[in-house]
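For reference, the structure discussed in these notes is given below.
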Ligand code: F6R
């Protein structure tokens, strides 16, 4: 695992954008690049930087396919807070990605269990995801794999913890409007991506980042599954890095990176 500590959230956004842009540029019509997208606040600066590069530097996303990590159960795609809508509004609508190439679980499927199975197949058939963007919950969740999620889980329905509902209430009018259930890619599904890129900023994430990066591999901290992945990059600002015991080593590693060694 590579841990990249940067001064500000904007710096983190630029480095995440560099990784995504590299994958997008390497794509060909026969080998369409596939991106795994997270919602929430964490990837927003990276999305904004990628939109800027598309507009100002001609970075084209034509042919790119995207797969969302998760979706609220019960929200139709057109609901403003469905993750389908959020990804479209914050990212893909501003790029030359065809809407039918933006995939996500169907939140309003009559049977969410079926929707979860269907989405697992869709991700498998469309994969492997070249780069999977991830945020982290204050309790260590990735996607909506709450603590106690199997480290080998596949896409399924999960029940949000009270804390996660509270954390996400800022996107809704009232706490009662936050759905209790979600469909989320499992930790095993996420782990099939070729490159996992987790980004976090702010002191509220510091203990989850430390537990995921330096704590034991455990279902009690789902982010710790990154420790098993052959190519995982954690990009954090100083505040989110504040509880990392080996921060000096990560900084030293960054300073001594080989010139041709990408993140
Ligand atoms: C969202 C997701 C979640 C968030 C996490 C952090 O698709 O998968 O794991 O990444 O809850 O949320 P923010 O970034 O809003 O702090």
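Summary table
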quantity	calculated
Of residues in region 88-97 being in contact with a strand residue (DSSP E or B) (Cβ under 9 Å, 6 or more places away or on another chain) and in a loop (DSSP other than H, G, I, E, B), the one farthest from the ligand (Cβ to nearest atom)	97
Helices (runs of 4 or more DSSP H) enclosed by region 146-254 - at least 1 residues per element that are crowded, with 19+ Cβ neighbours inside 10 Å and more than 12 Å from the ligand (Cβ to nearest atom)	187-191, 206-214
Residues within region 2-41 that are in contact with a strand residue (DSSP E or B) (Cβ under 8 Å, 6 or more places away or on another chain) and modelled with pLDDT under 95, tallied	2
Top-ranked residue in region 24-47 [being part of a helix (DSSP H, G or I) and within 14 Å of the ligand (Cβ to nearest atom); ranked as surrounded by the fewest Cβ atoms within 10 Å (Cβ to Cβ)]	44
Criterion (within 21 Å of residue 202 (Cα to Cα) and in contact (Cβ under 8 Å) with a residue 24 or more places away in the chain) met by exactly one of 140, 127	140
Answer residue from region 56-87, given it is assigned to a helix (DSSP H, G or I) and without any contact (Cβ under 8 Å) to a residue 24 or more places away in the chain and is surrounded by the most Cβ atoms within 10 Å (Cβ to Cβ) among those	84
Search result, residues across region 105-139 that are within 13 Å of the chain's Cα centre (by Cα) and near the ligand (Cβ under 10 Å from one of its atoms)	133, 134, 135, 136, 137
Number of the exception - residue 70 against (1) over 22 Å from residue 200 (Cα atoms); (2) within 16 Å of the ligand (Cβ to nearest atom); (3) at pLDDT 95 or above	(1)
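The values are calculated or read from the model by the stated rules, or taken from the named source; none is laboratory data. Computed from a predicted model, the values in this text were never measured in an experiment. No Cβ is skipped: glycine too gets one built from the backbone with ideal geometry, and neighbour counts run over all protein chains shown.
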